[in-house]
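The values are calculated or read from the model by the stated rules, or taken from the named source; none is laboratory data. In this text, all values refer to a predicted model and were calculated from it rather than measured experimentally. When we count neighbours, we look across all protein chains shown, and the Cβ atoms used for this are built from the backbone with ideal geometry, even at glycine. For the accessible areas, the whole protein counts, side chains as well, though only heavy atoms, and no ligand, DNA or RNA atoms are used. Shrake-Rupley method; radii C 1.70, N 1.55, O 1.52, S 1.80 Å.
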Amino acid sequence: MDSGPPNQGRSTSSSSPNKLRSRVVDAAESVLARQGYASAVDVLTGIGWLDPTTLRRWMRGQLSSLADGIQTKPARVAEAIEALRAWAIEKQLDPSETEYVARTPVRPRLRFSASGDEAIERLYRTHWLSRDLFERERGQVIAKANRAPELVVIQPLNRDWKCHRCGATGDLLMMEAPGPACLSCVGLASLEFLPAGDAALSRRAKAASEIYAVVVRFSRSRKRYERQGLLVQPQALRKDRSEKRGP
């Protein structure tokens with residue numbers, strides 16, 4: 001599947017493009033008012049063509065491209081992306097290219113289209129910023145959008161899992177495209193677990209750790225993953241403890 005600019009010669013009913021444009025504009029206006037910018041991912045999610053589960057899998061690097069998880073016909077997706085671009089230009093929004101990287105320790109760049117064509121990728125990467133944002137707000141919005149997503153480690157309910165790389169098991173795992181991976185194989189085995197409960201300590205440890213991961217566990221009763229704590233570098237905790245003790 002590839003979602004590039006729509007073909008000019010495609011035949012379609014006169015009402016269909018207008019209906020799709022109206023849906024795209026409604027979704028874009030809503031997200032623009034909420035966060036100060038609109039993007040292709042926001043709009044595709046807003047009109048119901050990109051479900052949150054697929055988006056999470058893509059962000060974890062479990063899909064080769066975002067297009068692989070969108071069931072809508074490529075031509076229709078292309079029309080939606082073009083409608084977003086036309087709306088943004090019409091509103092004189094400012095384009096800002098954003099980096100999308102996977103939620104994995106290696107941080108590879110995420111791909112949107114099956115072909116990886118740069119022109120198509122740029123359409124997806126572009127965030128359209130409101131001109132009503134003050135300079136400081138604009139900088140904050142751009143910085144937040146370009147911030148690498150937090151790494152997520154899972155406390156599995158089933159202890160019979162095995163690492164798809166080495167066959168080992170353990171109390172924690174990280175999901176990869178082929179399956180679960182142990183912390184040694186993903187390069188996080190040296191991190192120390194900090195249980196949730198002390199918000200101030202968690203903030204300090206996260207800020208002091210060059211690499212960290214959020215630990216979650218699935219709640220059967222609530223049907224969702226819930227935060228259990230953090231994995232941080234041991235020196236981040238040692239630093240906090242030494243500062244508490246003082247000279």
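Which residue, of I120, I154, is under 23 Å from V214 (Cα atoms), β-branched (V, I, T) and touching a residue at least 12 places away in the same chain (Cβ under 8 Å)? Steps first, answer last, please.
Numbers: I120 fails: under 23 Å from V214 (Cα atoms).
Answer to the selection: I154.
Quick test of your reading of the structure: V41 fulfils all but one of (1) assigned to a helix (DSSP H, G or I); (2) out of contact with any strand residue (DSSP E or B) (no Cβ under 9 Å at 6 or more places or on another chain); (3) open to solvent by less than 10 Å² (accessible area, probe 1.4 Å). Name the failing condition by number.
(3) is the only condition that V41 fails.
Scanning the stretch 202-219 for residues that are without any contact (Cβ under 8 Å) to a residue 60 or more places away in the chain and assigned to a loop (DSSP other than H, G, I, E, B), which turns out farthest from T104 (Cα to Cα)? Explain how you work it out, then say what you get.
Going through the stretch 202-219, the residues without any contact (Cβ under 8 Å) to a residue 60 or more places away in the chain turn out to be 202-210, 219.
Then drop every residue that is not assigned to a loop (DSSP other than H, G, I, E, B), which leaves 209-210.
Numbers: S209: 16, E210: 15 Å.
Step by step, filter the stretch 202-219, then rank; the result is S209.
Mind checking whether some residue in the stretch 132-141 is in contact with a Pro (Cβ under 8 Å, 6 or more places away or on another chain) and surrounded by 11 or more Cβ atoms within 10 Å (Cβ to Cβ)? Can you show your working first?
From the stretch 132-141, those in contact with a Pro (Cβ under 8 Å, 6 or more places away or on another chain) are none; that's our starting set.
No, there is no match, as no residue in the stretch 132-141 is in contact with a Pro (Cβ under 8 Å, 6 or more places away or on another chain) and surrounded by 11 or more Cβ atoms within 10 Å (Cβ to Cβ).
Select from the stretch 44-73 the residues that are among the aliphatic types (A, V, I, L, M) and touching a Lys or Arg at 6+ places or on another chain (Cβ under 8 Å) and write down the one among them that is surrounded by the most Cβ atoms within 10 Å (Cβ to Cβ).
To start, the set of residues in the stretch 44-73 that are among the aliphatic types (A, V, I, L, M) comprises 44, 47, 50, 55, 59, 63, 66-67, 70.
Cutting the leftovers down to touching a Lys or Arg at 6+ places or on another chain (Cβ under 8 Å) gives us 47, 59, 63, 66.
On the way: I47: 16, M59: 19, L63: 19, L66: 26.
Ranking the qualifying residues of the stretch 44-73, first place goes to L66.
Restricted to the stretch 205-238, and to residues that are hydroxyl-bearing (S, T, Y) and under 14 Å from V153 (Cβ atoms), which residue is most open to solvent (accessible area, probe 1.4 Å)?
Y225
Quick one: would you say R125 is at pLDDT 95 or above and under 30 Å from E82 (Cβ atoms)?
Spelling it out, R125 is indeed at pLDDT 95 or above and under 30 Å from E82 (Cβ atoms).
Go through the stretch 95-124 and report how many residues are open to solvent by 40 Å² or more (accessible area, probe 1.4 Å) and touching a Phe, Trp or Tyr at 6+ places or on another chain (Cβ under 9 Å).
So the count comes out to 4.
Which of the residues belonging to the stretch 182-199 are part of a loop (DSSP other than H, G, I, E, B), surrounded by fewer than 15 Cβ atoms within 10 Å (Cβ to Cβ) and hydrophobic (A, V, I, L, M, F, W, C)?
Within the stretch 182-199, the first condition is being part of a loop (DSSP other than H, G, I, E, B), and the residues that meet it are 182, 187-191, 196-198.
From the residues that got through so far, the ones that are surrounded by fewer than 15 Cβ atoms within 10 Å (Cβ to Cβ) too are 187, 189-190, 196-198.
Correct list: A189, A196.
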